[in-house]
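A short reminder: the numbers here are calculations on the coordinates, not readings from a lab. Only a predicted model underlies this, so the values are computations on that prediction, with no experimental measurement involved. Here Cβ is always computed from backbone atoms with ideal geometry, including for glycine, and neighbour counts include all displayed protein chains.
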Amino acid sequence: MTDSNSQPRKIRVAVVFGGRSDEHDVSLRSARTIMDALDSDRYEVVEIGITRSGQWLAGESPHAALVAESPMFHLTEGEQTAVPDSSRDIRPVIGAEALLPQQAANGIDIFFPALHGPMGEDGTIQGMLEMAGVPYVGSGVLGSAVGMDKAMTKVILEQAGVPQLPWVLITRREWQLNPDEVIARIERALPYPVFVKPANMGSSVGVSKAKNSDDLRTALQEAAHFDRRVVVEQGVTGRELEMGVLGNDAPITSGLGEIKPRAEFYDYASKYLDDSADLIIPADVDPEIQKEMERIAIESFIALDLAGLARVDFFLEDGTNQIYLNEVNTLPGFTSISMYPMLWQQAGIALPELVNRLVELALERHAHKR
Ligand SMILES: Nc1ncnc2c1ncn2[C@@H]1O[C@H](COP(=O)(O)OP(=O)(O)O)[C@@H](O)[C@H]1O
Ligand SMILES: [Mg+2]
């Protein structure tokens, strides 16, 4: 690819951020980190913002516009975005579908979804990009959809023989029609404490720990507010360990990181608001256990048909040293202080190289599909 003065044309990467999910703010931070890390000699960044109501923004500085609208948004140092004097230059795009026919005209070579949670991490934007025939970073429709859904992930990984904690699926309808029966069913299946989670969320949104039936009632009410399907899982006392996976058909793993929440568990506040959790990289773990986690991480990545990147989260039970897979994140937090980029940094792959590899993996996957 060359332009008139025969310099190689830069690869135009459309970074998509914001979105309708409750993880809108986290996405803005991830996008900032990704955009800053893309080597400007090689890549030209095109910003595409999605508002909380689902409107797509292109043109001049949609990122700054969304940041300005986010009261909860906390910029850490190095994440500053200049807010434009006016939003005159921001072009609303009428509906997502209007954007794609334009992408050829805009000369976008690849999309980098930096979206977390439903309507972004869950196969929806991936399906749209598939239909448009344009390369994009990360997992495809199937892997994204299954990976976003905690219940579906469990079913697939159970079948693959991956160790997980005992769990029960509750639907919102069951809960609304017969709460006492639901509580009794959970209590027959699982000892307290249990963790109650909306099937399709992330960043600990709607997640609670229940130590008795009163807690359980409140927790189910809360989780059912976020999703039609709720996962109730046996609580475990142990360490929280996370591993990065990078690649397509022959993925590699990073080392392990450990999360030490100071709160009762790793909730939304300790993740993003008060930073009250310690991230320890590398985690001090017996090499045999680490090897087993590497095996499970790769096996899970392949069983779930993931691509590009994933962060695989584990519990290591105190006393027994039993490994349990907790969850798989197909678009893990990518802020400057997030576990995924920091794990690769520790493994010798710095941020610019990491985003570069992700773009190359996406182009490679797209070429194979053709
Ligand atoms: N079964 C469990 N036992 C102990 N702690 C748990 C369990 N499930 C979740 N947690 C705690 O809750 C946090 C959020 O749950 P998680 O399943 O990772 O949801 P999310 O997708 O929102 O990150 C975990 O990081 C952990 O601290
Ligand atoms: Mg988690």
Notebook entry, point to check: Of GLY308, HIS24, ALA145, which is farthest on the positive side of the dipole of the chain, counting Cα position, with +1 on Lys and Arg Cβ, -1 on Asp and Glu Cβ, and the Cα centre as origin?
Noted result: ALA145
Check: Non-local amide H neighbours of ALA14 (under 5 Å, H modeled in plane, Pro and chain starts lacking H): which ones?
Finding: VAL46, ASP109, ILE110, PHE111, PHE112
Checklist line | Amide H partners (placed H, <5 Å) of HIS116, local residues excluded | finding: SER27
Checklist line | Euclidean distance between Cα centres, the stretch 316-370 to the stretch 201-228, Å | finding: 28 Å
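Could you sort 11-24, 357-370, 214-227 so that the peptide with the highest average Cβ count within 10 Å comes first and the rest follow in order? Please report the intermediate quantities before stating the final value.
Details: 11-24: 23.2, 357-370: 15.9, 214-227: 18.4.
Descending mean neighbour count gives 11-24, 214-227, 357-370.
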Notebook entry, point to check: Over the stretch 269-334, what is the mean sequence separation of C-alpha contacts under 8 Å (at least six apart), divided by residue count, expressed as relative contact order in percent?
Noted result: 21 percent
Checklist line | Vicinal HN-Hα couplings computed from phi for the stretch 238-254 (Karplus, 6.51 cos²θ - 1.76 cosθ + 1.60; Hz; Gly/Pro x) | finding: x, 9, 9, 10, 10, 9, x, 10, 9, x, 10, 7, 10, x, 10, 10, 8
Notebook entry, point to check: Which FRET efficiency, nearest 0.05, do ASP286 and GLN345 yield, Cβ-Cβ r, R0 25 Å?
Noted result: 0.60
Margin query: Can you tell me which of ASP25, ASP313, ASP284 moves the most in a GNM of the chain? Springs connect C-alpha atoms under 10 Å apart.
Written below: ASP284
Next item on the list: Between LEU177 and GLU130, with labels modelled 7 Å along Cα→Cβ, what's the label distance in nm to one decimal, could you check?
Entry: 3.2 nm
Checklist line | Student exercise, the chain dipole from Lys, Arg, Asp, Glu Cβ charges, in Debye to nearest 20 | finding: 840 debye
Next item on the list: For ARG185 paired with GLU222, estimate the spin-label separation in nm (one decimal), with each label point 7 Å from Cα along the Cα-to-Cβ line.
Entry: 2.2 nm
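Provide, for the chain, the number of lysine pairs with alpha carbons under 15 Å apart, each pair being eight or more places apart or on different chains. Please report the intermediate quantities before stating the final value.
On the way: LYS150/LYS197; LYS154/LYS197; LYS197/LYS209; LYS197/LYS211; LYS260/LYS271.
The result is 5.
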Notebook entry, point to check: Of MET148, MET119, MET339, which is the most mobile in a GNM of the chain whose springs link Cα atoms less than 10 angstrom apart?
Noted result: MET119
Check: Per residue of the chain, what 222 nm ellipticity follows from adding -39500 (n - 2.57) for every DSSP H run with n ≥ 4, rounded to the nearest 500?
Finding: -11000 deg cm²/dmol
